[in-house]
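Structure record follows, encoded as structure tokens.
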Amino acid sequence: MTYYEIMTGIHNIFDFRLNMIKYAEKMGISAAAREYKTTRRTVRKWVRRYKEKGLNGLEDKSRAPHHIPHKTPKEIEDMVIELRKTHPAWGPERLKMHYDLSISTKAIGRIIRQAGLVKKRKKKWRKQRDLREVKKALKPLSFIQMDTKDLSDIEKYWLQMRRLNLPRYEYTARDVRTGGTWYAYGESNNSSNATLFAGYLLGQLKHYGVKPEDVIIQTDNGSEFIGSVTKKDKSAFEKVLKEFNVKYSRIPPSAPTWNSDVEAFHGMVEDEFYDIEDYCGTGEFKAKAYAYQLYFNFKRKNRYKGRKTPVELLKEIKGGEISPQVFNLPPIILDNLLEEIPKGGNLVGLSV
């Protein structure tokens, strides 16, 4: 094998060169050249470097040219770095487009990488962990996500829904901090039912000492919550929140993960309730729905909430300030709200 072939196939080049130099010092330049299948010039080169710089002289020198005519000027590199620091989320293409930079997007990307300004994306598990820490900082019953679930796509429930005339929609609200959940039902998905559910829930919270002004309700942009997009007036749902002095927040369009807590409950209730239960009529359906809600809030431990129930978290954080009965709100069919309320009662009167 030639010296070149040896060098391209060897892993420890430094040790190979050092052995060659030691051999040359003992046996001579010509003998070392024959032994290591190279030229005397090459042996002399490494012997000279070793004498001048010691062991550091055996490392390969950079082959980069000393002068690069097309290299980006330092002032432009500095400008790109400053722009990237100003806009850390902007990539090379947007920086070039917005500031009309004279260099290519590849050059901008190289400058950003060499300056160590590449923003690493968080892995999904790390995002979820960080988000859980943010949620832990919330106060119980201060941030509630609300959404509607169409039950007609659940095969087992759909058959009974058609046969027994059961409600098609579930109106759900979930407290982000504790995971506590309330829900009611509707034959239709409309603003009237969403408004009635909001009033039903907020009446419950107020009855148990939760200050409405400390509560934020978050929904998506469904018409049942925001009404018609062409109307300038507030929807009925928004008006009832305003009457209770509750803050209202809407998630961005096509961003369901912003309502991930209530969406997660929709998956759980489908697997643990609608997919396994049978009913003989509307009365039994409501009774079983109520039983599952009590189980979920009072007995079911959530491993993403420290393996604790919503009631346990409420007691742990709030002590005896708020009664656990705040999570005890019987599901009703909103279309028949007046029939659901006992004579002489009101919205709050339904809580046990």
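The values are calculated or read from the model by the stated rules, or taken from the named source; none is laboratory data. The structure presented is a predicted model; accordingly, all values stated were derived computationally and were not measured. Cβ atoms come from the backbone with ideal geometry, glycine included; neighbour counts cover every protein chain shown. These accessible areas exclude ligands, DNA and RNA; they are computed on the full protein's heavy atoms, side chains included. Shrake-Rupley method; radii C 1.70, N 1.55, O 1.52, S 1.80 Å.
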Counting only other residues whose beta carbon sits under 10 Å from that of residue 278, what net charge do I get with K and R as +1, D and E as -1? 0
Distance in nm between residue 192 and residue 325 label points, each 7 Å along Cα→Cβ, equals 3.2 nm
Please list, ordered by chain and number, the residues whose modelled amide H lies under 5 Å from the amide H of residue 28; skip anything fewer than 5 residues away on the same chain. none
In this structure, among 136/234; 149/288; 85/139, pairs with alpha-carbon gaps over 29 Å are 136/234; 85/139
Calc'd 3J(HN,Hα), the stretch 111-117, phi into Karplus 6.51 cos²θ - 1.76 cosθ + 1.60 (θ = phi - 60°), Hz, glycine/Pro = x, comes to 4, 5, 5, 5, 7, x, 9
What is the stretch 292-342's relative contact order, in percent, from Cα pairs under 8 angstrom and six or more apart in sequence? 26 percent
Residues of the chain: accessible area per residue with a 1.4 Å probe, Å²: 60 Å²
Determine the gain in length on full extension of the stretch residue 232-residue 165; use 0.36 nm per residue of separation and subtract their C-alpha separation, reporting nm with one decimal. 20.5 nm
Mind ranking 323-331, 82-90 by how tightly packed they are, going by the mean number of other C-beta atoms within 10 angstrom, highest first? 323-331, 82-90
If 290, 295 are ordered by their accessible area, calculated over protein heavy atoms with a 1.4 Å probe, which sequence runs from highest to lowest? 295, 290
Long-range amide H contacts for residue 302: which residues qualify at under 5 Å (H placed 1.01 Å from N, peptide plane, sequence gap of 5 or more or a different chain)? 307, 308, 309
Highest average packing first - 262-269, 277-284, Cβ atoms within 10 Å: 262-269, 277-284
Return the distance in nm (one decimal) between the two label points of a simple spin-label model at residue 278 and residue 75, each offset 7 Å from Cα along Cα→Cβ. 8.4 nm
Please give the solvent-accessible surface of residue 271 in Å², to the nearest 10, using a probe radius of 1.4 Å with every protein chain present. 100 Å²
In order over the stretch 250-262: 3J(HN,Hα) from phi, Karplus 6.51/-1.76/1.60, θ = phi - 60°, whole Hz, x for each Gly or Pro, gives 10, 7, x, x, 6, 9, x, 5, 5, 10, 5, 5, 6
Quickly rank 32-42, 154-164, 176-186, 309-319 as a protection proxy: mean count of other C-beta atoms within 10 Å, highest first. 176-186, 309-319, 32-42, 154-164
What are the ³J(HN,Hα) couplings of the stretch 289-296, residue after residue, when phi is run through the Karplus curve with 6.51, -1.76, 1.60 and θ = phi - 60°? Round to Hz, x for glycine and proline. 5, 5, 4, 5, 4, 5, 4, 5
Summing +1 per Lys or Arg and -1 per Asp or Glu among the other residues with Cβ less than 14 Å from residue 208's Cβ gives +1
Using modelled amide H (1.01 Å from N, peptide plane; none on Pro or chain starts), what sits under 5 Å from the amide H of residue 247, excluding residues fewer than 5 places away? 215, 217
Out of the total accessible area of the chain (probe 1.4 Å, heavy atoms of protein only), what percent is carbon and sulfur? 52 percent
Consider the candidate values (i) 38.8; (ii) 31.8; (iii) 17.4; state which one is mean projected area of the Cα convex hull in nm² computed from the structure displayed. (ii)
The correct ranking of 78, 175 by accessible area at 1.4 Å, largest first, is 78, 175
